[in-house]
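Here is the structure we will look at.
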Amino acid sequence: MKRSVKRAPGPALVSRGQAGSPGTQTPGVEPARPASGAGAWLEFALLEHRAPDGTHWDLLLEMPGRERLATWRLAANPAVAAGPIAAEPIQPHRRVYLEYEGPLSGGRGTVRRVDRGRYLLEKSEPDALIGRFAGERLAGRWRVGPWEGRSVMTPA
């Protein structure tokens with residue numbers, strides 16, 4: 001069964017956005033939502049971003065106590081790639097990007113949602129986090145942050 005996707009004109013901001021909406025329930029997982037910190041079930045989205053400079057993937061993570069989504073530009077799709085993936089932290093996005101698919105303003109290309117779901121934030125540090133992802137495609141325990149002198153997303 002195909003889910004309907006909300007489409008709206010691309011957000012007209014210079015910085016790329018972030019989104020907020022009710023989360024997807026993963027079968028068999030009762031998503032408790034503690035107010036903050038590790039142990040919280042939070043929303044994530046993985047977007048394919050076709051930009052003028054090429055295709056990359058945006059990993060958007062809801063974080064406790066933050067209005068905007070922590071965001072990384074990934075060199076490959078973690079749902080299908082093997083091994084560490086280059087993960088550049090970029091400007092936090094607005095919550096609208098948890099739902100949005102379509103063209104982006106300012107000639108920045110288009111985004112298509114590859115996955116969405118919940119992740120359990122197990123550990124959060126200023127420059128890294130570990131989470132257990134429960135999406136339709138992205139699943140398992142992942143770490144995002146510095147590794148061997150570069151910023152990566154890697155199975156934890």
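Values in this text are rule-based calculations from the coordinates and carry no lab data. These numbers were taken from a predicted model, which means no experiment stands behind them. Note that each Cβ is placed from the backbone with ideal geometry, even for glycine, and that neighbours are counted across all protein chains shown.
Please identify which residues in segment 82-96 have an amide N closer than 20 Å to a label point set 7 Å out from the Cα of residue 154, following the Cα→Cβ vector.
Zone members listed by number: 82-90.
For the residues 101, 125, 62, what sequence is obtained by ranking on other C-beta atoms within 10 Å, fewest first? Walk me through the numbers before you get to the answer.
On the way: 101 16, 125 9, 62 23.
The most exposed by this proxy come first: 125, 101, 62.
Within 10 Å of each residue's Cβ, count the other Cβ atoms and sort 90, 85, 130 from fewest upward.
Numbers: 90 15, 85 21, 130 18.
Going from least to most buried by this count: 90, 130, 85.
Note the full-extension length gain between residue 90 and residue 141 as 0.36 nm times their separation in residues minus their Cα-Cα distance, in nm to one decimal.
Working: separation 51, 0.36 × 51 = 18.36 nm, distance 2.17 nm.
Here the answer is 16.2 nm.
For a test of the definition: using alpha carbon positions, the gyration tensor, and the 1.5 limit on a/c, classify segment 61-156 as rounded, prolate or oblate. Before the final figure, lay out each step's value.
Numbers: a/c = 1.42, a/b = 1.35, b/c = 1.05.
Here segment 61-156 falls in the rounded category.
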